[in-house]
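Note sheet for the following structure.
The values are calculated or read from the model by the stated rules, or taken from the named source; none is laboratory data. Computed from a predicted structure; not experimentally measured. Because the Cβ atoms are built from the backbone with ideal geometry, glycine has one as well, and the counts that use them run over all protein chains shown. Calculation scope for accessible area: heavy atoms of the full protein, side chains included, ligands and nucleic acids excluded. Shrake-Rupley method; radii C 1.70, N 1.55, O 1.52, S 1.80 Å.
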Amino acid sequence: MIEKIKHLLSEAENLQAHNAEELESLRLKYLSKKGLVNQLMADFRNVPAEQKREVGILINRAKDALTARFADLKAALATTDDDHSDLDLTRTPYPIRLGTRHPLSIVTHEIVDIFSRMGFTLADGPEVEDDWHVFGAMNFAEDHPARDMQDTFFIESHPDVLLRTHTSSVQSRVMEQNQPPIRVICPGRVYRNEAISARAHCFFHQVEGLYIDRDVSFTDLKQVLLTFAREMFGPDTRIRLRPSYFPFTEPSAEMDISCNICGGEGCAFCKHTGWVEILGCGMVDPNVLEANGIDPNVYKGYAFGMGIERITNLKYQVKDLRLFSENDVRFLEEFMAAN
Ligand code: DAH
């Protein structure tokens, strides 16, 4: 009998079950009422008195070993088994943490959506650009300060290669590939060599708009921008255009909207003027059309460009530009409701 139990002990270590049926047949064979362990218990009666102690200990050890092995096999099967019959499907699930869209993406989509409803289609161009598309084709004079090393990131070994400083470069990319009518909206990231602070960053985002056709007028531009401002900031929003200068537009203007924080009454945000600047715009300079292969005697156009961080600040009052690129989830989760 002692041999039998020792054999059972070594068997216990090597038991295997690949599925629920095999596990159950092990249980029947060893641990059920009529199983081997109970048989040993029954036979225990007939063990001679002087062996009882040794045999009793061995039987207990065998029982424990088999029970433990059985439990291990059962646990292993529970994790690999695709028989899910013991799953509790009524249990309340763990909450799933959903991600949120980045506030700049939310606002970019909104801007693109507004302009696409007015017939603009998406266009884009490279962030690593050449001098021609960023400056030359956009009518910047050779000595224009924007080309200065202090503003623009150049690639050291390739003086002609740089990180675009504005999305206006996409205007040139679109014009060299297409003849009018052209009506595009171009969101993207731009780079400037600025020290990082709450109010400035070495990269940020812009949206460029370009419309070229016969008989395009400044009035068309103004109406499109008014519609945009009202869609974006609410139907009571007013706009005003102030004369300005950009190399690629003539005439040029900067557009203010009535401060959407105080409604134009005057507050700290609008420096008590009631107005906040949101974009630059103008009629495409004939030199730009010509440089990009479009006949300025036949076609006219308007263009505009705005900073997406600026629009986002106006909508959500983000006080520090750095928050946009730090990806702190506490900040990002504030935009859960806007998604
Ligand atoms: N590129 C200008 C900037 O980065 C913004 C701009 C102004 C774009 C006027 C335009 C425009 O298309 O017409 O500040």
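Show me the helices (runs of 4 or more DSSP H) found entirely inside the range 267-339 where at least 3 residues are open to solvent by 40 Å² or more (accessible area, probe 1.4 Å). I'd like the intermediate steps shown before the answer.
On the way: elements: 286-291, 308-316, 323-326, 329-332.
Answer list for the range 267-339: 286-291, 308-316, 323-326.
Name every residue in the range 237-266 that is outside any strand (DSSP E or B) and more than 20 Å from Ser168 (Cβ to Cβ), in order of residue number. Before the answer, list the steps.
First, the residues of the range 237-266 that are outside any strand (DSSP E or B): 237-238, 247-248, 259-266.
Answer for the range 237-266, where residues must be outside any strand (DSSP E or B) and more than 20 Å from Ser168 (Cβ to Cβ): Thr237, Arg238, Cys259, Asn260, Ile261, Cys262, Gly263, Gly264, Glu265, Gly266.
Residues being open to solvent by less than 50 Å² (accessible area, probe 1.4 Å) and closer than 17 Å to Phe335 by Cβ: count how many of those fall in the range 102-143.
Of the residues in that region, 8 qualify.
Consider only pairs whose beta carbons are under 8 Å apart and that are at least six residues apart or on different chains; among these, list those whose first residue lies in the range 233-254 and is farther than 11 Å from Cys281 by Cβ and open to solvent by less than 20 Å² (accessible area, probe 1.4 Å) and whose second residue is within 15 Å of the ligand (Cβ to nearest atom) and among the charged types (D, E, K, R).
Matching pairs, first to second residue: Pro247/Asp285.
If I filter the range 1-17 down to residues being out of contact with any helix residue (DSSP H, G or I) (no Cβ under 8 Å at 6 or more places or on another chain) and closer than 30 Å to His84 by Cα, which single residue comes out as most open to solvent (accessible area, probe 1.4 Å)?
Looking at residues that are out of contact with any helix residue (DSSP H, G or I) (no Cβ under 8 Å at 6 or more places or on another chain) and closer than 30 Å to His84 by Cα, I get Asn14.
For the list (1) away from the ligand (no atom under 16 Å from the Cβ); (2) assigned to a loop (DSSP other than H, G, I, E, B); (3) in contact (Cβ under 8 Å) with a residue 24 or more places away in the chain; (4) out of contact with any Phe, Trp or Tyr (no Cβ under 9 Å at 6 or more places or on another chain), I need the number of the one condition that Thr227 fails.
Result: Thr227 fails condition (2) only.
Inside the range 186-204, can you point out the residues that are more than 11 Å from the ligand (Cβ to nearest atom) and either under 21 Å from the mean Cα position of the chain (by Cα) or open to solvent by less than 10 Å² (accessible area, probe 1.4 Å) (or both)?
Going through the range 186-204, the residues more than 11 Å from the ligand (Cβ to nearest atom) turn out to be 187-189, 191, 193-203.
Once the filter is applied, which keeps residues that are more than 11 Å from the ligand (Cβ to nearest atom) and either under 21 Å from the mean Cα position of the chain (by Cα) or open to solvent by less than 10 Å² (accessible area, probe 1.4 Å) (or both), the range 186-204 yields Pro187, Gly188, Arg189, Tyr191, His201, Cys202, Phe203.
For a quick check of your reading of the model, give me the residue pairs whose first member lies in the range 292-307 and is more than 11 Å from Arg214 (Cβ to Cβ) and more than 13 Å from the ligand (Cβ to nearest atom), whose second is modelled with pLDDT of 95 or more and of a type in the set (Asp, Glu), with beta-carbon atoms closer than 9 Å and at least 6 apart or on different chains.
Listed pairs, sorted by first residue: Asn292/Glu176; Gly293/Glu176; Pro296/Asp285; Pro296/Glu290.
Report, ordered by the first and then the second residue, all pairs with beta carbons closer than 7 Å, sequence separation of six or more or different chains, a first member in the range 63-77 that is in contact (Cβ under 8 Å) with a residue 24 or more places away in the chain, and a second member that is among the β-branched types (Val, Ile, Thr).
Lys63/Val37; Leu66/Val37
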